[in-house]
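The values are calculated or read from the model by the stated rules, or taken from the named source; none is laboratory data. Small disclaimer: the values here were computed from a predicted structure and weren't measured. Counting neighbours? That spans all protein chains shown, and the Cβs are built from the backbone with ideal geometry, glycine included. Side chains are part of the model used for accessible areas, which takes the heavy atoms of the whole protein and leaves out ligands, DNA and RNA. Shrake-Rupley method; radii C 1.70, N 1.55, O 1.52, S 1.80 Å.
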Amino acid sequence: MKQGNQIAIAAAAAAIFAASAVFAASAVFAQSTGGGRGANQHDHGSAGHEPMMRQGMGPGMGGGGGMGRGPVGMLTTQDANSAADMGITMNLVHENTKIRRTVTRLPDGIRTVTESDDPKIAQDIKAHVASMSGRLQEGKEFNIFSTTLPVIFDNAKNIKSKIEFTAKGAIVTRTSPDPKVATALQAHADEVTELVKEGPVAFHRGIDARMAMGPGGPRGARAGAVVPAAQGRQQQHAH
């Protein structure tokens, strides 16, 4: 029942934030494709990201037929809840300094604790976890640039999940007897931690990596490749 309630909360929260957050994040796509400055001239400094993330619009290039725009259009697949989930996701990216997160690596997976003292951010954390857990169960991938998520979604039946909601967020434990999947779970936890630590800067770096992947995206040439966060940062390019 708790998970069902949290999924409902996800939709309600997204109604408030989806439009503004998706429009805000769309500037990342526009800037990365050369909107404004040249592709090799855009400013990657933390101060320069805020105006860029808060303005602009660009067409999508997602695998779901490109029906969406901005970051929604860049999703590998799209569905009726994509914009709502993106709204919550982008709000968390922009409010990253209000989030604390710890990751414990288990022999066969991970245990993460993600919380915030801000009640609204705490609620968004719960809504995001509930929605993403539902997507994993239903096989509805939500992914722009992660090379670990294809492995996780393709092997969802081999993953055991335990979700605990706290007053300030959520505790997530995911394990798998398959070493490849366990490694993907750990690598994805690192990707999320990077977003929590760096916020819009890390998101922009991910968009850069997505553009470098070409039209196939994470499920193209690099699909299934588990790239540790630090290594991925070097491959994408230094900021």
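Of note:
- For Phe142, the requirement of being within 26 Å of Gly70 (Cβ to Cβ), open to solvent by 10 Å² or more (accessible area, probe 1.4 Å), in a loop (DSSP other than H, G, I, E, B) and of a type in the set (Phe, Trp, Tyr) is met.
- Which listed residue is of a type in the set (D, E, K, R), buried (at least 22 other Cβ atoms within 10 Å of the Cβ) and modelled with pLDDT of 95 or more, from Asp118, Asp178, Asp190, Asp124: Asp124
- Among the conditions (1) open to solvent by 40 Å² or more (accessible area, probe 1.4 Å); (2) closer than 24 Å to Arg219 by Cα, the only one that Thr97 does not satisfy is (2).
- If the condition is being open to solvent by less than 20 Å² (accessible area, probe 1.4 Å) and within 15 Å of the chain's Cα centre (by Cα), then the range 152-175 contributes only Ile152.
- Verdict on Ala170 being within 18 Å of Arg111 (Cβ to Cβ) and part of a helix (DSSP H, G or I): no
- Residues of the range 163-180 that are among the basic types (Lys, Arg) and in contact (Cβ under 8 Å) with a residue 60 or more places away in the chain: Arg174 alone.
- Taking every residue in the range 104-118 that is under 15 Å from Asp178 (Cα atoms) and pairing it with any residue that is among the hydroxyl-bearing types (Ser, Thr, Tyr) and outside any strand (DSSP E or B), at least 6 positions away or on another chain, the pairs with Cβ-Cβ distances below 7 Å are Asp108/Ser176; Gly109/Ser176.
- Among residues of the range 68-93 that are within 19 Å of Lys197 (Cα to Cα), those with a beta-carbon under 8 Å from a residue that is of a type in the set (D, E, K, R) at least six positions away or on a different chain give the pairs Ile88/Asp124; Asn91/Asp124; Leu92/Asp124.
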